[in-house]
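What follows is a set of notes on a single structure, which appears directly below.
Taken together, the values in this text are just the output of simple stated rules run on the coordinates, not laboratory data. Keep in mind that this is a model prediction, so the values were computed, not measured. Cβ placement follows ideal geometry from the backbone for every residue including glycine, while neighbour counts extend to all protein chains displayed.
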Protein chains: 2
Amino acid sequence: MKKRTTLADIAKAANVSMMTVSRVINNKPGVTNQTRKHILDLIKEMEYQPNAIARSLVTNKTKTIGLVVPDITNPFFAQIARGVEDAAYEHEYTILLINTNEELEREMNALDSLWQKDIDGIILCSSRLPELKLSAQIQRFPATVLLNREVLEPLPNLVSINVNDQRGVQRAIQHFVEIGRKNIAFLGGPNTSFSSQRRFVGYQTALKTAQIAYDENLVVFNQPNTEGGYKATSALLSKKSTIDAIFAFNDLMAIGAIQACQQAGHRVPEEIAIIGVDDIPLSSIFHPRLTTLHVNLQQTGRLATRTLLDIIGNEALPATYQIEFELITRESA
Amino acid sequence: MKKRTTLADIAKAANVSMMTVSRVINNKPGVTNQTRKHILDLIKEMEYQPNAIARSLVTNKTKTIGLVVPDITNPFFAQIARGVEDAAYEHEYTILLINTNEELEREMNALDSLWQKDIDGIILCSSRLPELKLSAQIQRFPATVLLNREVLEPLPNLVSINVNDQRGVQRAIQHFVEIGRKNIAFLGGPNTSFSSQRRFVGYQTALKTAQIAYDENLVVFNQPNTEGGYKATSALLSKKSTIDAIFAFNDLMAIGAIQACQQAGHRVPEEIAIIGVDDIPLSSIFHPRLTTLHVNLQQTGRLATRTLLDIIGNEALPATYQIEFELITRESA
DNA sequence: TTGTATGCGTTATCAT
DNA sequence: ATGATAACGCATACAA
């Protein structure tokens, strides 16, 4: 590992001052084409690449944004991360990725370490921080985009992007109603999850709209995976045999629900229709193919970084965006 | 966004020099407990956190490592990334994540931008770079771990970690033989993939060991997804009706293969046994549950960063590690 | 135990 | 059009 070539090296080799080299590198005027070309040649020849650290120290910009997610292993966040990074790459920004594992302490540490690294902004996904701490953190950073989490008071330099859970669920329930279902169960996820809470509200609202009475016996919460879906549905089926539709918190739960139904001798969708959320790859492979609520996560990730860059460039208003679900109708409902 | 508190601010407030503050921050001796406590209090009070950029400029260490993957959306790399980040977090390192999308230019750009940011080391996954460029790149960085890719000449500051594809496949084929299968087909992935190549070699070797003649009509390559598996298997079945076992490049192809078999009227595993690779979540849900080659990816990711940190700390030898697959026997074989 | 001077590699500012 | 100097925030080396 040889020593880095520096601005000074180039300047010496070209018999000019560091400043003219700097001007060339940053495409700034004030240098003749002749010397510019000469310097450019030397830069190639000596394989010079600017030291971003030194540059950041003086410009106060790092061309780096922090991406904080609960778990990159979750396809939901992986998709978002991909979109975030793609857009960042196009603007020559780079991503610092941190998993919080849904632990408060780790999230705080993440934010601290990002702050120390002087990043230009953060994209914070599904933050579990209490309102006060969250808004305090946000105010430390030059720019932040909140994904899947809102904050009560509007803050400058903040925009939050949320998937419209309520409307999504309402669309699903409406679909159930349209195909003649009346006893619609709700399989909720972890109650620490804001999405789960919002979807529950959407469920209740949609029932009201459809003039169907709310029955708490039709609501169960469990883990957001196939096992949770299976257990929840089994429990449901044992106390309520009239169920003809199930809305599940996500596709994995929906698949667990299907398995539970089939095992209990109910055909899907003929006797019990089922709708999930996420449109994971599996949902178009599994049989019966899953009807599900879909949102283009990668595109959402792109939107997040574009928005963040807008904030950084002072071209954004404090706001909150709502992304709409699309109902993908396949076989299960 | 208020201005950052700096070392100088604390020094002034404490009526000491910046150095004693610096000593306190870095837990270095040479300061009385009294003044240390006083300074510590001020640091808390004024919410001082060191500026990592400035620190890096002088120490030449960034406490940051670069993680380059083809696509974080691929669960394979997501798992690895999680392990990498977890271990990094434990050592107070931070991860710069870059996707290459399997494009050479993007991989080169990734490496350049990481180099400019002066990171302490890189973990490079499934690099597509030609030998020469790759080894040139590696020599620029203080430390590098190669995942799923080898380089011919050993380099100082480099260790590569590979999953032992050959041995894994051999184990799978051996299993087929043990359950009495003789006409074993091979479903390969993209031929740009080193793993696919190595698995093909493993397949041929295993056949030789089992004294089964190699038949090129039993080998097909296709895309590494369900569709590819389906197409490849359909093609296979139409020209070879005696097939009684299929080894697939990955679980998705294996699932496509199962669907093709069933559609052609062959029962799995009774008539055709199938083994995949990766042990994706789906493989234990799909019916018949998939027999597959498994490796703990998250643990592998952890190993990668631990190894990288060893190299950085000059406590590692140039080497290549081989991680062994484990055959998870479920229903499909 | 504490402090001073210097430098890391770059850009900003003000000269020439 | 080009250059000299200071500054970014910190740590290293050496003094006191």
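Tabulated values for the structure
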{"quantity": "For B:Ile65: the one exception among (1) aliphatic (A, V, I, L, M); (2) under 20 Å from A:Lys117 (Cβ atoms); (3) away from DNA strand C (no atom under 16 Å from the Cβ); (4) assigned to a helix (DSSP H, G or I)", "calculated": "(4)"}
{"quantity": "Residues (touching a residue at least 24 places away in the same chain (Cβ under 8 Å) and either of a type in the set (S, T, N, Q) or over 23 Å from A:Lys2 (Cβ atoms) (or both)) located in region A:50-63", "calculated": "A:Asn51, A:Ser56, A:Asn60, A:Lys61, A:Thr62, A:Lys63"}
{"quantity": "Subset of region A:13-39 that is over 22 Å from A:Thr59 (Cβ atoms) and surrounded by fewer than 13 Cβ atoms within 10 Å (Cβ to Cβ) - its residue that is nearest to the chain's Cα centre (by Cα)", "calculated": "A:Lys37"}
{"quantity": "Residue list for region A:12-38, restricted to those being within 21 Å of B:Trp115 (Cα to Cα) and small (Gly, Ala, Ser)", "calculated": "A:Ser22"}
{"quantity": "Residue within region A:259-277 that is among the basic types (Lys, Arg) and surrounded by 20 or more Cβ atoms within 10 Å (Cβ to Cβ) present", "calculated": "no"}
{"quantity": "Residue satisfying condition, being part of a helix (DSSP H, G or I) and over 18 Å from B:Leu327 (Cβ atoms), within set B:Tyr203, B:Tyr230, B:Tyr214", "calculated": "B:Tyr230"}
{"quantity": "Residue under evaluation B:Glu102, criteria (1) crowded, with 17+ Cβ neighbours inside 10 Å; (2) outside any helix (DSSP H, G or I); (3) away from DNA strand D (no atom under 13 Å from the Cβ), criterion not met", "calculated": "(1)"}
{"quantity": "Residues located in region A:309-327, provided they are part of a strand (DSSP E or B) and over 15 Å from A:Leu147 (Cα atoms)", "calculated": "A:Glu326, A:Leu327"}
{"quantity": "Every residue from region B:1-36 that is under 27 Å from A:Asp120 (Cα atoms) and of a type in the set (Lys, Arg)", "calculated": "B:Lys2, B:Lys3, B:Arg4"}
{"quantity": "Selection status of A:Arg289, of a type in the set (Lys, Arg) and in contact with an Asp or Glu (Cβ under 9 Å, 6 or more places away or on another chain)", "calculated": "yes"}
{"quantity": "Positions within region B:119-175 being among the hydroxyl-bearing types (Ser, Thr, Tyr) and surrounded by 20 or more Cβ atoms within 10 Å (Cβ to Cβ), in sequence order", "calculated": "B:Ser126, B:Ser127, B:Thr144, B:Ser160"}
{"quantity": "Some residue of region B:67-90 being surrounded by fewer than 17 Cβ atoms within 10 Å (Cβ to Cβ) and within 13 Å of DNA strand D (Cβ to nearest atom)", "calculated": "no"}
{"quantity": "Pick from region A:278-301, criterion more than 11 Å from every other protein chain (Cβ to nearest Cβ), among the aliphatic types (A, V, I, L, M) and over 22 Å from A:Leu124 (Cα atoms), ranking: surrounded by the most Cβ atoms within 10 Å (Cβ to Cβ)", "calculated": "A:Leu290"}
{"quantity": "Every residue from region B:20-48 that is part of a loop (DSSP other than H, G, I, E, B) and touching a residue at least 12 places away in the same chain (Cβ under 8 Å)", "calculated": "B:Met46, B:Glu47, B:Tyr48"}
{"quantity": "Some residue of region A:85-93 being more than 8 Å from chain B (Cβ to nearest Cβ), in contact with a helix residue (DSSP H, G or I) (Cβ under 8 Å, 6 or more places away or on another chain) and either within 24 Å of A:Ile10 (Cα to Cα) or in a helix (DSSP H, G or I) (or both)", "calculated": "yes"}
{"quantity": "Filtered residues of region A:68-81 (kept if facing chain B (nearest Cβ under 9 Å), assigned to a helix (DSSP H, G or I) and more than 21 Å from B:Asn109 (Cβ to Cβ))", "calculated": "A:Pro75, A:Phe77, A:Ala78, A:Gln79"}
{"quantity": "Top-ranked residue in region A:1-18 [being within 13 Å of DNA strand D (Cβ to nearest atom) and not hydrophobic (A, V, I, L, M, F, W, C); ranked as nearest to the other protein chains (Cβ to nearest Cβ)]", "calculated": "A:Thr6"}
{"quantity": "Flag for B:Val21 being over 30 Å from A:Asn314 (Cβ atoms), more than 8 Å from DNA strand D (Cβ to nearest atom) and either among the basic types (Lys, Arg) or touching a helix residue (DSSP H, G or I) at 6+ places or on another chain (Cβ under 6 Å) (or both)", "calculated": "no"}
{"quantity": "Among residues of region A:137-177, those that are charged (D, E, K, R) and farther than 17 Å from A:Gly276 by Cα, counted", "calculated": "4"}
{"quantity": "Checking B:Ile138 against (1) more than 29 Å from B:Gln204 (Cβ to Cβ); (2) more than 14 Å from chain A (Cβ to nearest Cβ), the condition it does not meet", "calculated": "(2)"}
{"quantity": "Test: residue in region B:28-41 that is touching a Pro at 6+ places or on another chain (Cβ under 8 Å) and within 16 Å of DNA strand C (Cβ to nearest atom)", "calculated": "no"}
{"quantity": "Set A:Asp251, A:Asp244: member being touching a residue at least 40 places away in the same chain (Cβ under 8 Å) and within 14 Å of chain B (Cβ to nearest Cβ)", "calculated": "A:Asp251"}
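For every residue, the table says whether it meets (1) over 18 Å from B:Tyr93 (Cα atoms); (2) more than 11 Å from chain B (Cβ to nearest Cβ); (3) within 20 Å of the chain's Cα centre (by Cα); (4) not hydrophobic (A, V, I, L, M, F, W, C).
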residue	(1), (2), (3), (4)
A:Asp41	yes, yes, no, yes
A:Ala54	yes, no, no, no
A:Asn60	yes, no, no, yes
A:Thr64	no, no, yes, yes
A:Gly83	yes, no, yes, yes
A:Ile98	no, no, yes, no
A:Leu104	yes, yes, yes, no
A:Lys117	no, no, no, yes
A:Ile123	yes, yes, yes, no
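Condition check ((1) surrounded by fewer than 24 Cβ atoms within 10 Å (Cβ to Cβ); (2) within 30 Å of the chain's Cα centre (by Cα); (3) acidic (Asp, Glu); (4) within 17 Å of A:Ile173 (Cα to Cα)) across all residues:
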position	(1), (2), (3), (4)
A:Val220	yes, yes, no, yes
A:Gln223	yes, yes, no, no
A:Thr233	no, yes, no, no
A:Ile243	yes, no, no, yes
A:Ile246	no, yes, no, yes
A:Gly256	no, yes, no, no
